[in-house]
């Protein structure tokens, strides 16, 4: 992994045509005002996001994936962090950032597990046992308020950049910093505090146990979701690309539980 080259994504403001339409539906049915990096990564490969969304859209618009995610994440929490530094008038904006990730990370976890099940299972080009479809008419929650945007670590001063890089991991051979921390970088003092208190918690046994439980529950939910999907043609990807996508899903399966736990930890520390 390098510290200068970031993982490939198709930004929302550069999406056009079918990708822009899919991005709009992802926002709507996830209940958040933005498209997560998992989908932006898939969109960099021609035809792939369109195929993925065609396969999993029924489980999104019916609420099957979002509601499964929110249900499995209801009780996932770390022991409380110390009280966060005073943030003054920024409190509402910071809470909104954390709430966005608490809402969307469980959806992404189940979405990724379902996509893995599709790519590894009998769905592509074949019959699915028990495929009964999904209910219609689900109304997603109103989206949360927009966030200030992901800051580029290269544009930050050395201190905030170092704090942000404490949360860096790797995706597809390039640096990946989950968007929660890039959003919170708008408040350098809070990010600096978070970089001191949170990484050790996330590396500990408590977070590992909670993350494993979330991934297991997502896998169980994905099996149920797979059984209701309609068969589709094989994905527009060769074996090497499919392996890369599965690797990316595996990385998101690690970061999504982290964001659930970190988002709730931030909310608790702001109230403590």
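The values are calculated or read from the model by the stated rules, or taken from the named source; none is laboratory data. Just so it is clear, the model here is predicted, and its values are computed rather than measured. All Cβ positions, even for glycine, are placed from backbone atoms using ideal geometry, and neighbour counts span all protein chains on display.
Quick notes on this structure:
- Residue match in region 63-73 (condition: under 23 Å from residue 233 (Cβ atoms) and either touching a helix residue (DSSP H, G or I) at 6+ places or on another chain (Cβ under 7 Å) or surrounded by 20 or more Cβ atoms within 10 Å (Cβ to Cβ) (or both)): yes
- Residue match in region 96-119 (condition: touching a residue at least 12 places away in the same chain (Cβ under 8 Å) and surrounded by fewer than 14 Cβ atoms within 10 Å (Cβ to Cβ)): no
- In region 187-205, residue surrounded by the fewest Cβ atoms within 10 Å (Cβ to Cβ) [restricted to those that are touching a helix residue (DSSP H, G or I) at 6+ places or on another chain (Cβ under 9 Å) and within 17 Å of residue 259 (Cβ to Cβ)]: 197
- With respect to the conditions (1) surrounded by fewer than 16 Cβ atoms within 10 Å (Cβ to Cβ); (2) in a helix (DSSP H, G or I); (3) in contact with a helix residue (DSSP H, G or I) (Cβ under 9 Å, 6 or more places away or on another chain), residue 240 lacks only one, and its number is (3).
- Filter pass, residue 158 being modelled with pLDDT of 95 or more, farther than 16 Å from residue 263 by Cβ and surrounded by fewer than 17 Cβ atoms within 10 Å (Cβ to Cβ): yes
- Residue 40 assigned to a helix (DSSP H, G or I) and in contact (Cβ under 8 Å) with a residue 60 or more places away in the chain: no
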